[in-house]
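Structure record follows, encoded as C-alpha coordinates.
The values are calculated or read from the model by the stated rules, or taken from the named source; none is laboratory data. Small disclaimer: the values here were computed from a predicted structure and weren't measured. Quick reminder, even Gly has a Cβ in these numbers, built from the backbone with ideal geometry, and neighbours come from all protein chains shown. Quick note on the areas: whole protein, heavy atoms, side chains included, nothing else; ligands and nucleic acids left out. Shrake-Rupley method; radii C 1.70, N 1.55, O 1.52, S 1.80 Å.
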Amino acid sequence: MKCKVCGEKAVIKLRQHNLALCEEHFIERFRREVERTLKKYEMFDRGQPVLVAVSGGKDSLSLLHVLKSLDYKVTGLFIDLGIEGMSEKARAKVEELAARLDVELVVVSLKDKYGESLPEIAKRRPQHRICSLCGMIKRYLMNKTAYDLGIKVVATGHNLDDEVSSLLSNTLRWDVSYLAKQSPYLPSVHPKLAARAKPLAFLTEREIAAYAILSEIDFHREACPFSRGAKTLFYKHLLNEIEVRSPGTKLRFYREFQSFRKRYLRDIDTGMPPLRECKICGMPTSLEVCAFCRLFQRDN
Ligand code: AMP
Ligand code: ZN
Ligand code: ZN
(Lines give C-alpha, C1' and ligand atoms only; values in the text may rest on other atoms or scores of the structure.)
(Ligands and ions follow the chains in the order given, each with its own letter.)
Protein backbone atom coordinates (compact mmCIF):
# COMPACT_ATOMS: atom_id res chain seq x y z
CA MET A 1 0.00 0.00 0.00
CA LYS A 2 1.54 3.27 -1.13
CA CYS A 3 0.82 6.88 -0.26
CA LYS A 4 -1.28 8.45 -3.01
CA VAL A 5 0.62 11.73 -2.68
CA CYS A 6 4.29 10.70 -2.54
CA GLY A 7 4.43 6.96 -3.23
CA GLU A 8 6.15 6.15 0.10
CA LYS A 9 4.82 3.40 2.34
CA ALA A 10 1.28 4.22 3.53
CA VAL A 11 0.32 3.97 7.22
CA ILE A 12 -3.44 4.21 6.77
CA LYS A 13 -6.09 3.57 4.17
CA LEU A 14 -9.21 5.73 4.26
CA ARG A 15 -11.76 3.60 2.47
CA GLN A 16 -14.39 6.31 2.48
CA HIS A 17 -12.08 8.42 0.32
CA ASN A 18 -10.32 5.52 -1.41
CA LEU A 19 -7.10 7.05 -0.18
CA ALA A 20 -3.91 5.57 1.29
CA LEU A 21 -1.48 7.96 2.95
CA CYS A 22 1.94 7.99 4.59
CA GLU A 23 2.39 9.48 8.04
CA GLU A 24 3.39 12.93 6.80
CA HIS A 25 0.57 13.24 4.30
CA PHE A 26 -2.02 11.80 6.69
CA ILE A 27 -1.15 14.40 9.34
CA GLU A 28 -1.14 17.13 6.71
CA ARG A 29 -4.59 16.09 5.51
CA PHE A 30 -5.94 15.86 9.06
CA ARG A 31 -4.82 19.41 9.82
CA ARG A 32 -6.28 20.64 6.53
CA GLU A 33 -9.63 18.98 7.26
CA VAL A 34 -9.80 20.63 10.69
CA GLU A 35 -8.99 24.04 9.16
CA ARG A 36 -11.62 23.48 6.50
CA THR A 37 -14.33 22.76 9.09
CA LEU A 38 -13.28 25.79 11.15
CA LYS A 39 -13.51 28.06 8.09
CA LYS A 40 -16.64 26.57 6.57
CA TYR A 41 -18.63 27.00 9.77
CA GLU A 42 -16.87 30.24 10.74
CA MET A 43 -16.16 28.74 14.17
CA PHE A 44 -13.28 30.95 15.34
CA ASP A 45 -10.09 32.47 14.02
CA ARG A 46 -6.55 32.60 15.31
CA GLY A 47 -6.95 35.78 17.30
CA GLN A 48 -9.92 34.54 19.28
CA PRO A 49 -9.53 32.63 22.57
CA VAL A 50 -11.15 29.17 22.60
CA LEU A 51 -11.91 26.95 25.56
CA VAL A 52 -11.19 23.34 24.59
CA ALA A 53 -13.05 20.83 26.77
CA VAL A 54 -10.71 17.88 27.27
CA SER A 55 -11.83 14.62 28.83
CA GLY A 56 -8.52 12.72 28.58
CA GLY A 57 -9.82 10.58 25.69
CA LYS A 58 -8.23 10.50 22.23
CA ASP A 59 -10.70 12.84 20.55
CA SER A 60 -10.46 15.87 22.81
CA LEU A 61 -6.70 15.48 23.39
CA SER A 62 -6.17 15.31 19.61
CA LEU A 63 -8.34 18.40 19.26
CA LEU A 64 -6.22 20.32 21.77
CA HIS A 65 -3.07 19.12 20.01
CA VAL A 66 -4.16 19.95 16.47
CA LEU A 67 -5.54 23.39 17.37
CA LYS A 68 -2.38 24.31 19.26
CA SER A 69 -0.18 23.08 16.41
CA LEU A 70 -2.23 25.21 14.01
CA ASP A 71 -1.52 28.21 16.24
CA TYR A 72 -4.98 28.77 17.70
CA LYS A 73 -5.33 30.49 21.06
CA VAL A 74 -6.43 27.57 23.22
CA THR A 75 -7.10 27.10 26.92
CA GLY A 76 -7.90 23.58 28.13
CA LEU A 77 -10.73 22.72 30.51
CA PHE A 78 -10.93 19.45 32.41
CA ILE A 79 -14.05 18.79 34.46
CA ASP A 80 -13.31 16.47 37.36
CA LEU A 81 -16.56 14.64 38.01
CA GLY A 82 -15.09 12.63 40.89
CA ILE A 83 -15.69 9.22 39.30
CA GLU A 84 -13.55 6.79 41.22
CA GLY A 85 -10.99 4.89 39.18
CA MET A 86 -11.47 7.19 36.19
CA SER A 87 -11.34 10.90 36.88
CA GLU A 88 -7.81 10.90 38.39
CA LYS A 89 -6.40 8.83 35.53
CA ALA A 90 -8.07 10.95 32.88
CA ARG A 91 -6.92 14.14 34.57
CA ALA A 92 -3.31 12.91 34.57
CA LYS A 93 -3.41 12.41 30.78
CA VAL A 94 -4.86 15.88 30.27
CA GLU A 95 -2.28 17.51 32.54
CA GLU A 96 0.53 15.69 30.78
CA LEU A 97 -0.45 16.88 27.29
CA ALA A 98 -1.24 20.42 28.42
CA ALA A 99 2.23 20.65 30.01
CA ARG A 100 3.89 19.20 26.90
CA LEU A 101 2.11 21.68 24.63
CA ASP A 102 2.53 24.54 27.07
CA VAL A 103 -1.20 25.18 27.10
CA GLU A 104 -2.98 26.77 30.04
CA LEU A 105 -5.29 24.25 31.73
CA VAL A 106 -8.25 24.99 33.96
CA VAL A 107 -9.49 22.13 36.16
CA VAL A 108 -12.96 22.39 37.68
CA SER A 109 -13.70 19.81 40.34
CA LEU A 110 -17.39 19.22 40.96
CA LYS A 111 -16.71 17.95 44.48
CA ASP A 112 -14.37 20.79 45.47
CA LYS A 113 -16.47 23.54 43.97
CA TYR A 114 -20.01 22.30 44.61
CA GLY A 115 -19.52 19.78 47.42
CA GLU A 116 -20.57 16.59 45.64
CA SER A 117 -19.16 14.27 43.00
CA LEU A 118 -21.27 12.99 40.08
CA PRO A 119 -21.87 9.56 41.69
CA GLU A 120 -22.97 11.31 44.90
CA ILE A 121 -25.36 13.57 43.01
CA ALA A 122 -26.72 10.61 41.05
CA LYS A 123 -27.33 8.61 44.21
CA ARG A 124 -29.72 11.27 45.48
CA ARG A 125 -31.59 11.12 42.17
CA PRO A 126 -32.32 7.56 41.23
CA GLN A 127 -35.04 8.79 38.90
CA HIS A 128 -32.46 10.42 36.58
CA ARG A 129 -30.12 8.55 34.29
CA ILE A 130 -26.55 9.25 35.36
CA CYS A 131 -25.49 9.90 31.74
CA SER A 132 -28.10 12.64 31.33
CA LEU A 133 -27.06 14.24 34.62
CA CYS A 134 -23.42 14.03 33.52
CA GLY A 135 -24.18 15.63 30.14
CA MET A 136 -26.14 18.46 31.73
CA ILE A 137 -23.44 19.12 34.37
CA LYS A 138 -20.65 19.14 31.77
CA ARG A 139 -22.54 21.49 29.44
CA TYR A 140 -23.24 23.85 32.34
CA LEU A 141 -19.66 23.87 33.61
CA MET A 142 -18.16 24.30 30.15
CA ASN A 143 -20.34 27.31 29.51
CA LYS A 144 -19.94 28.77 33.01
CA THR A 145 -16.15 28.43 32.90
CA ALA A 146 -15.98 30.05 29.46
CA TYR A 147 -18.16 32.89 30.72
CA ASP A 148 -16.03 33.40 33.84
CA LEU A 149 -12.89 33.49 31.69
CA GLY A 150 -14.44 35.82 29.12
CA ILE A 151 -14.09 33.18 26.37
CA LYS A 152 -16.82 33.16 23.74
CA VAL A 153 -16.37 29.70 22.18
CA VAL A 154 -16.22 26.22 23.67
CA ALA A 155 -14.81 23.45 21.47
CA THR A 156 -15.43 19.74 22.11
CA GLY A 157 -13.94 16.58 20.62
CA HIS A 158 -17.12 15.07 19.15
CA ASN A 159 -16.18 13.01 16.10
CA LEU A 160 -18.12 11.85 13.01
CA ASP A 161 -19.10 8.57 14.66
CA ASP A 162 -20.56 10.42 17.67
CA GLU A 163 -22.41 12.84 15.43
CA VAL A 164 -23.80 10.23 13.07
CA SER A 165 -24.98 7.95 15.85
CA SER A 166 -26.88 10.77 17.53
CA LEU A 167 -28.21 11.86 14.13
CA LEU A 168 -29.54 8.34 13.59
CA SER A 169 -31.03 8.23 17.05
CA ASN A 170 -32.70 11.65 16.67
CA THR A 171 -33.98 10.72 13.22
CA LEU A 172 -35.48 7.45 14.39
CA ARG A 173 -37.46 9.47 16.93
CA TRP A 174 -38.01 12.38 14.50
CA ASP A 175 -36.90 14.58 17.35
CA VAL A 176 -37.05 17.83 15.43
CA SER A 177 -35.87 20.09 18.23
CA TYR A 178 -32.71 17.98 18.67
CA LEU A 179 -32.19 17.71 14.93
CA ALA A 180 -32.47 21.48 14.58
CA LYS A 181 -29.59 21.85 17.02
CA GLN A 182 -27.40 19.13 15.57
CA SER A 183 -24.65 21.03 13.90
CA PRO A 184 -20.83 21.21 14.03
CA TYR A 185 -21.29 24.81 15.15
CA LEU A 186 -23.95 26.50 17.24
CA PRO A 187 -23.60 30.26 17.53
CA SER A 188 -24.32 31.98 20.80
CA VAL A 189 -27.96 32.95 21.33
CA HIS A 190 -27.49 34.81 24.62
CA PRO A 191 -24.69 37.07 25.92
CA LYS A 192 -23.94 34.50 28.64
CA LEU A 193 -23.95 31.48 26.33
CA ALA A 194 -20.74 30.54 24.54
CA ALA A 195 -20.87 29.33 20.95
CA ARG A 196 -20.25 25.60 20.65
CA ALA A 197 -17.84 24.19 18.10
CA LYS A 198 -17.03 20.62 17.08
CA PRO A 199 -14.03 20.98 14.77
CA LEU A 200 -13.57 17.17 14.46
CA ALA A 201 -17.18 16.51 13.44
CA PHE A 202 -16.21 15.36 9.93
CA LEU A 203 -13.38 13.07 11.04
CA THR A 204 -13.96 9.46 12.04
CA GLU A 205 -12.96 7.91 15.32
CA ARG A 206 -10.42 5.82 13.41
CA GLU A 207 -8.77 8.85 11.80
CA ILE A 208 -8.57 10.59 15.16
CA ALA A 209 -7.11 7.51 16.86
CA ALA A 210 -4.47 7.37 14.12
CA TYR A 211 -3.69 11.07 14.59
CA ALA A 212 -3.36 10.57 18.37
CA ILE A 213 -1.03 7.60 18.00
CA LEU A 214 1.13 9.22 15.31
CA SER A 215 1.36 12.40 17.44
CA GLU A 216 2.38 10.31 20.47
CA ILE A 217 -0.55 11.46 22.54
CA ASP A 218 -1.04 9.24 25.57
CA PHE A 219 -4.79 9.08 26.13
CA HIS A 220 -7.18 7.50 28.60
CA ARG A 221 -8.52 4.35 26.96
CA GLU A 222 -11.03 2.93 29.38
CA ALA A 223 -14.72 3.57 28.86
CA CYS A 224 -16.59 5.38 31.60
CA PRO A 225 -17.75 2.84 34.24
CA PHE A 226 -21.28 4.16 33.85
CA SER A 227 -20.79 3.69 30.11
CA ARG A 228 -22.57 5.99 27.75
CA GLY A 229 -25.97 4.67 26.76
CA ALA A 230 -25.71 1.17 25.38
CA LYS A 231 -27.90 2.46 22.57
CA THR A 232 -25.24 4.87 21.34
CA LEU A 233 -22.79 2.00 21.12
CA PHE A 234 -25.35 -0.13 19.32
CA TYR A 235 -25.97 2.60 16.73
CA LYS A 236 -22.24 3.05 16.23
CA HIS A 237 -21.92 -0.68 15.66
CA LEU A 238 -24.75 -0.68 13.12
CA LEU A 239 -23.31 2.29 11.29
CA ASN A 240 -19.92 0.58 11.12
CA GLU A 241 -21.57 -2.46 9.54
CA ILE A 242 -23.19 -0.24 6.93
CA GLU A 243 -19.90 1.58 6.38
CA VAL A 244 -18.09 -1.71 5.63
CA ARG A 245 -20.56 -2.51 2.89
CA SER A 246 -20.85 0.98 1.63
CA PRO A 247 -17.82 3.12 2.51
CA GLY A 248 -18.57 6.83 2.83
CA THR A 249 -22.12 6.37 4.15
CA LYS A 250 -21.46 8.03 7.51
CA LEU A 251 -19.88 11.10 5.97
CA ARG A 252 -22.58 11.41 3.32
CA PHE A 253 -25.39 11.00 5.86
CA TYR A 254 -23.93 13.74 8.06
CA ARG A 255 -22.96 16.13 5.25
CA GLU A 256 -26.26 15.87 3.46
CA PHE A 257 -28.09 16.31 6.75
CA GLN A 258 -26.18 19.56 7.29
CA SER A 259 -27.43 21.00 3.99
CA PHE A 260 -30.94 19.82 4.81
CA ARG A 261 -30.72 21.39 8.27
CA LYS A 262 -29.49 24.67 6.86
CA ARG A 263 -32.40 24.84 4.44
CA TYR A 264 -35.26 23.54 6.50
CA LEU A 265 -34.45 23.28 10.18
CA ARG A 266 -32.04 25.95 11.27
CA ASP A 267 -34.54 28.64 12.02
CA ILE A 268 -37.58 26.63 13.01
CA ASP A 269 -39.42 27.42 16.18
CA THR A 270 -38.77 24.49 18.51
CA GLY A 271 -41.29 25.75 20.99
CA MET A 272 -38.66 26.36 23.68
CA PRO A 273 -39.57 29.15 26.10
CA PRO A 274 -37.32 32.21 25.79
CA LEU A 275 -34.10 32.31 27.82
CA ARG A 276 -33.89 34.28 31.03
CA GLU A 277 -31.33 34.33 33.83
CA CYS A 278 -31.29 31.77 36.67
CA LYS A 279 -32.41 33.26 39.95
CA ILE A 280 -29.49 31.58 41.75
CA CYS A 281 -26.46 31.62 39.43
CA GLY A 282 -27.51 34.15 36.80
CA MET A 283 -26.74 31.84 33.88
CA PRO A 284 -29.22 31.44 30.99
CA THR A 285 -32.12 29.04 31.45
CA SER A 286 -35.70 28.69 30.29
CA LEU A 287 -36.88 28.18 33.89
CA GLU A 288 -36.70 30.27 37.03
CA VAL A 289 -33.86 28.16 38.45
CA CYS A 290 -31.53 26.39 36.01
CA ALA A 291 -31.22 22.60 35.91
CA PHE A 292 -27.74 22.75 37.43
CA CYS A 293 -28.74 24.87 40.44
CA ARG A 294 -31.80 22.70 40.97
CA LEU A 295 -29.43 19.79 41.65
CA PHE A 296 -28.22 21.54 44.77
CA GLN A 297 -31.53 22.79 46.11
CA ARG A 298 -32.33 21.14 49.44
CA ASP A 299 -35.71 19.65 48.64
CA ASN A 300 -34.50 18.16 45.37
P1 AMP B 1 -18.79 12.69 25.84
O2 AMP B 1 -19.92 13.54 26.35
O3 AMP B 1 -18.12 11.89 26.92
O4 AMP B 1 -19.12 11.91 24.62
O5 AMP B 1 -17.67 13.72 25.39
C6 AMP B 1 -17.87 14.61 24.36
C7 AMP B 1 -16.89 15.76 24.47
O8 AMP B 1 -17.15 16.47 25.68
C9 AMP B 1 -15.43 15.34 24.58
O10 AMP B 1 -14.85 15.18 23.31
C11 AMP B 1 -14.83 16.50 25.33
O12 AMP B 1 -14.57 17.58 24.45
C13 AMP B 1 -15.93 16.91 26.26
N14 AMP B 1 -15.79 16.26 27.60
C15 AMP B 1 -16.27 15.07 28.01
N16 AMP B 1 -15.95 14.82 29.30
C17 AMP B 1 -15.23 15.90 29.73
C18 AMP B 1 -14.61 16.26 30.98
N19 AMP B 1 -14.65 15.46 32.05
N20 AMP B 1 -13.96 17.46 31.04
C21 AMP B 1 -13.93 18.28 29.97
N22 AMP B 1 -14.49 17.99 28.79
C23 AMP B 1 -15.13 16.82 28.66
ZN1 ZN C 1 3.07 10.62 1.42
ZN1 ZN D 1 -28.39 28.38 37.99
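So that you can scan it fast, the table gives a plain yes or no per residue for (1) within 16 Å of ligand 3 (Cβ to nearest atom); (2) farther than 30 Å from GLU96 by Cβ; (3) not in a strand (DSSP E or B):
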| site | (1), (2), (3) |
| --- | --- |
| VAL5 | no, yes, yes |
| ALA20 | no, yes, no |
| ILE27 | no, no, yes |
| GLU33 | no, no, yes |
| THR37 | no, no, yes |
Checklist outcome for this item: All conditions in (1) within 16 Å of ligand 3 (Cβ to nearest atom); (2) in contact with a Cys (Cβ under 8 Å, 6 or more places away or on another chain) are true of PHE226 except (1)
Checklist entry - Restricted to region 53-74, and to residues that are under 15 Å from SER87 (Cβ atoms) and either open to solvent by 20 Å² or more (accessible area, probe 1.4 Å) or not in a helix (DSSP H, G or I) (or both), which residue is nearest to ligand 2 (Cβ to nearest atom)? => result GLY57
Checklist entry - In region 75-104, which residues are closer than 21 Å to TYR114 by Cβ, open to solvent by less than 20 Å² (accessible area, probe 1.4 Å) and in a helix (DSSP H, G or I)? => result SER87, ALA90, VAL94
Checklist outcome for this item: Among residues of region 123-139 being over 14 Å from SER227 (Cβ atoms) and open to solvent by less than 30 Å² (accessible area, probe 1.4 Å), the residue farthest from ligand 3 (Cβ to nearest atom) is ARG125
